[in-house]
Amino acid sequence: MLKLATIGVYGFDAESYLERLRQAEVRLLLDVRQRRGVRGPEYAWANSRRLQAALAEARIAYAHRRELAPTTELRHLQYAEDDRQGVGKRSRRELAAEYTRRYTAEILDPADLDAVVAALPNSGRAALFCVERDPEACHRSLVARRLVEDYGVTVEHLRPM
């Protein structure tokens, strides 16, 4: 059985992030961000080059799956809904219905998920990675749900402890 996890950045520091990946036996991190940086000095460790170096040291493979990232236009659609509801990106709890609809139609439906599944490790698990703390507030949950529905993959959402 293929296993998958999802994980964000917010709420972790570099050490607790890597420890959480180790605990979940993550062997491959699939970065599904369009822009692979995180604002704020407390999250500088999650910027692509630093993160990849830390993962390599922890013997966790890394792959950027940009085709699963939301476009700039879709991100701005979500930001507009966040503003309308008065929530910040770091405190969002769910995705806007229109964002979900459009992400699914424009990104997820045409994506080659067979290739994603083929890359999943036989032992341990892969993890879909973006920034939001809660998977329900991030497109990675939409990708994970599709992989569960279409491929029978099991999913664990990793959160800060």
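The values are calculated or read from the model by the stated rules, or taken from the named source; none is laboratory data. Since the model is a prediction, treat every value here as computed from it, not as a measurement. Cβ sites come from the backbone with ideal geometry, for glycine too, and all protein chains shown count toward neighbours.
Would you call TYR103 in contact with a Pro (Cβ under 6 Å, 6 or more places away or on another chain) and in a helix (DSSP H, G or I)? Talk me through it step by step, then tell me what you get.
Numbers: in contact with a Pro (Cβ under 6 Å, 6 or more places away or on another chain): yes; in a helix (DSSP H, G or I): yes.
Answer is yes for this residue.
How do the pairs read when you match residues in segment 106-135 that are polar (S, T, N, Q) with residues anywhere that are in a loop (DSSP other than H, G, I, E, B), using Cβ under 8 Å and keeping only pairs 6 or more apart or on different chains?
Going by the 8 Å Cβ cut-off, the qualifying pairs are SER123/GLU25.
I'd like the residue in segment 21-55 that is assigned to a loop (DSSP other than H, G, I, E, B) and in contact with a helix residue (DSSP H, G or I) (Cβ under 6 Å, 6 or more places away or on another chain) and, out of all such residues, is modelled with the lowest pLDDT.
Per the criteria, the residue is ARG36.
Can you report the number of residues in segment 89-111 which are under 18 Å from the mean Cα position of the chain (by Cα) and surrounded by fewer than 11 Cβ atoms within 10 Å (Cβ to Cβ)?
Count: 1.
Does TYR43 count as of a type in the set (Phe, Trp, Tyr) and closer than 14 Å to ARG140 by Cβ? Talk me through it step by step, then tell me what you get.
Numbers: of a type in the set (Phe, Trp, Tyr): yes; closer than 14 Å to ARG140 by Cβ: no.
So TYR43 fails the test.
Is it the case that some residue within segment 131-143 is at pLDDT 95 or above, β-branched (Val, Ile, Thr) and more than 22 Å from LEU77 (Cα to Cα)?
No - not one qualifying residue is present in segment 131-143.
Restricting segment 56-71 to residues that are aliphatic (A, V, I, L, M) and touching a helix residue (DSSP H, G or I) at 6+ places or on another chain (Cβ under 8 Å), which is surrounded by the most Cβ atoms within 10 Å (Cβ to Cβ)?
Looking at the filtered set, the residue picked out is LEU68.
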